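Heads up, the thing below is written out as structure tokens.
The values are calculated or read from the model by the stated rules, or taken from the named source; none is laboratory data. None of these values were measured; they are calculated from a predicted model. No Cβ is skipped: glycine too gets one built from the backbone with ideal geometry, and neighbour counts run over all protein chains shown. The protein model used for the area step is the full one, side chains on, heavy atoms only, and it has no ligands, DNA or RNA in it. Shrake-Rupley method; radii C 1.70, N 1.55, O 1.52, S 1.80 Å.
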Amino acid sequence: MEKIFINIGTLIHFDENSTNPIVENGYLIVKNGVIDSYGKMEELELISENYEIIDVDNKLITPGFIDCHTHLIFAGNRADEFQRRALGESYESILQNGGGIHHTVSATRAATFGELLKLAQIRMKKSLRYGVTTCEIKSGYGLDEESELKILEVAKILKKHLKQRVERTYLGAHVVPKEFKENRNKYIDLICNKMIPFIKENDLAESVDVFIEPTAFSIDEAETIIKTAQNYQLKTKLHTEQLTHTGGTQLGVKYNSLSVDHLEEITRDDIELLSKSNTVAVLLPIATLFANKNNFIDAREMLTSGVRVAISTDFNPGSAHSQNIPLLLSLAVLKNRLTPLEALKGITLNAAYALGLNKELGSLEKGKKADILIHNISDYKMIPYSMGDSTIEQVFIDGEKICLK
Ligand code: NIG
Ligand code: FE
């Protein structure tokens with residue numbers, strides 16, 4: 001069935017073939033689940049009666065939101081640590097004393113496959129209501145063979161059965177699990193020689209990620225893992241420059257990784273390197289806020305240097321316990337100094353680049369998949385201005401309307 005959206009107050013398309021990302025008073029045609037064309041209402045020619053007409057009533061249309069960095073599959077919560085951190089304990093000291101990520105690893109290992117699947121489905125539904133049509137999901141709270149595979153199997157089921165698109169990332173290199181504390185090389189060996197080959201062979205992930213930090217993995221260890229992943233034709237991403245400057249950005253650029261994420265401690269030289277690369281800078285301001293810190297990245301310098309900037313929730317139980325996309329957009333504007341339009345580009349087109357899916361997703365240009373949001377407002381600036389209130393009215397994936405209930 002062909003669909004035509006008419007009377008679109010503001011159409012934000014981010015079509016890279018156009019110099020203007022916005023059409024006022026527009027229409028949009030979808031054929032076979034794919035964007036066919038868009039333009040101004042007054043230029044719309046006679047349409048055949050085969051079209052299903054959707055009157056948008058002067059509201060806003062944007063591409064579907066792409067949450068390109070989440071740790072959505074986990075059990076338990078870290079509300080106690082949230083309180084301890086608020087009272088002054090640091091994230092790092094909690095982690096070094098066996099809490100933090102280790103706490104969630106214990107809870108996730110103890111959870112059954114069914115329990116994890118149920119939690120994940122509830123969270124995916126929540127993200128859909130925030131307009132997330134594509135969600136990246138990392139493993140990393142199982143760490144041992146059996147538990148990482150349990151998480152990746154849950155992600156595989158979500159990918160297969162949900163209307164939302166799911167991209168899976170293996171983050172076995174989140175931290176060294178307690179049982180390998182005295183023998184970290186053995187853990188790297190497990191990741192590189194057993195897990196990555198198995199994951200590739202059984203189609204359990206599209207990408208591999210490494211957390212580079214003194215409390216997690218070193219640059220050399222990350223390089224070994226990235227090289228292995230790329231040998232198996234898996235895409236790579238890095239958590240880096242979050243708590244300390246480690247040089248992970250340089251490593252990411254060297255290996256043409258899709259993205260480097262977090263980046264609170266990024267340097268001018270890193271920004272220069274990124275600007276000459278295809279690697280996307282993924283900002284995670286909910287994590288900066290949740291850490292109770294004020295070192296939000298000023299993205300203006302990145303943008304003027306030509307770095308591609310995406311934003312994401314980083315949804316996880318320890319450092320960013322929120323799936324709230326409008327709140328993310330508010331923080332990106334207030335704290336990372338993106339304009340509302342740059343923030344929207346960061347959660348759509350640039351997020352698609354951060355997943356290597358920019359040829360099919362992220363903008364409403366001819367030939368791309370028709371993942372479309374109708375908002376209940378007409379001025380896109382209302383989204384970040386609303387500080388966490390969702391503006392999503394209708395969601396379409398592959399041109400089909402999705403039930404939000
Ligand atoms: O992206 N930085 C590492 N990993 C997560 C946090 C994990 C946790 O604290 O549970 C992040 O912030
Ligand atoms: Fe993360």
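Can you list the trypsin sites (Lys or Arg not before Pro) in the range 62-91 that are in a DSSP coil and have 13 or fewer other beta carbons within 10 angstrom?
none
For the range 243-306, report the accessible area per residue in Å² (1.4 Å probe, heavy atoms, rounded to an integer).
43 Å²
With 23 Å as the cut-off, how large is the P(r) tail for the range 234-383, expressed as percent of Cα-Cα pairs?
Every Cα pair in the range 234-383 considered, those over 23 Å come to 33 percent.
For the chain, build the charge dipole from Cβ charges (+1 Lys, Arg; -1 Asp, Glu) around the Cα centre, then report which of LEU334, ILE53, HIS103 sits farthest towards its positive end.
My answer, from the dipole projection, is HIS103.
Is the shape of the range 63-162 best called rounded, prolate or oblate, per the rule: a/c under 1.5 gives rounded, else a/b larger than b/c gives prolate, else oblate, with a ≥ b ≥ c the square roots of the Cα gyration tensor eigenvalues?
Cα axes put the range 63-162 in the oblate bin.
Loop only per DSSP, at most 15 neighbouring Cβ atoms within 10 Å: give me the GluC sites (Glu not before Pro) in the range 1-78, ordered by residue number.
Those satisfying the criteria are GLU16, GLU45, GLU49.
Taking all protein chains as present, what is the carbon and sulfur share of the accessible area of the range 256-299, in % to the nearest whole number, probe 1.4 Å?
Carbon and sulfur atoms account for 43 percent of the accessible area of the range 256-299.
Which three extents, in whole angstrom, do the alpha-carbon atoms of the range 65-354 cover along their principal axes, largest first?
Principal-axis extents of the range 65-354 (Cα, largest first): 45, 41, 39 Å.
Can you give the net charge of the other residues whose Cβ lies under 15 Å from the Cβ of CYS192, counting K and R as +1 and D and E as -1?
Here the count lands on -3.
Using Cα pairs under 8 angstrom and six or more residues apart, how large is the relative contact order of the range 281-405, in percent?
The normalised contact order for the range 281-405 reaches 22 percent.
State, as an integer percentage, the relative contact order of the range 1-61 based on alpha-carbon contacts under 8 Å between residues 6 or more apart.
48 percent
Give the residue from THR249, ASN193, LEU344 lying farthest towards the positive end of the charge dipole for the range 65-354; charges sit on Cβ (+1 for Lys and Arg, -1 for Asp and Glu) and the dipole is referred to the Cα centre.
Positive-end residue among those listed: LEU344.
For LYS368, enumerate residues with amide H under 5 Å from its amide H, sequence gap 5+ or separate chain, H modeled in the peptide plane.
Under 5 Å from the amide H of LYS368 lie the amide H atoms of ILE35, each far enough along the sequence or on another chain.
For the chain, find the longest principal axis of its Cα atoms and tell me its angle to the long axis of helix 325-334, 0 to 90°, nearest 10.
The two axes meet at around 90 degrees.
Is the C-alpha gyration tensor of the range 359-405 telling us rounded, prolate or oblate? Criteria: a/c under 1.5 is rounded; beyond that, a/b larger than b/c is prolate, otherwise oblate.
It is oblate, given that a/c is not under 1.5 and a/b is not larger than b/c.
Quick one: how many Å² of THR228 are accessible to a 1.4 Å probe, rounded to 10?
20 Å²
Pop out the carbon and sulfur fraction of the accessible area of the range 1-49 as a percent, whole number, probe 1.4 Å.
Looking at the range 1-49 in its full context, I get 46 percent from C and S.
Let me check I have the definition right: for the range 1-151, take the eigenvalues of the Cα gyration tensor, multiply each by 5, take square roots. What are those semi-axes in whole Å, largest first?
46, 18, 13
Over 18 Å between C-alpha atoms is what I'm after, so list which of LYS31/LYS405; LYS163/LYS401; LYS118/LYS235; LYS163/LYS237; LYS40/LYS345 land there.
Among LYS31/LYS405; LYS163/LYS401; LYS118/LYS235; LYS163/LYS237; LYS40/LYS345, the Cα-Cα distance tops 18 Å for LYS31/LYS405; LYS118/LYS235; LYS163/LYS237; LYS40/LYS345.
Determine the share of the range 335-405's accessible area contributed by carbon and sulfur atoms, expressed in whole percent, with a 1.4 angstrom probe.
Of all accessible area on the range 335-405, carbon and sulfur atoms account for 50 percent.
So which trypsin sites (Lys or Arg not before Pro) in the range 222-325 are both in a DSSP loop and have at most 11 other Cβ atoms within 10 Å of their Cβ?
Passing both the DSSP loop test and the Cβ count: LYS276.
In whole percent, what relative contact order does the chain give with Cα contacts below 8 Å and a gap of six or more residues?
Dividing the mean separation by the residue count of the chain yields 19 percent.
As I understand it, the value is the acute angle between the Cα axis of helix 113-129 and the longest principal axis of the Cα atoms of the chain; what does it come to in degrees, rounded to 10?
40 degrees
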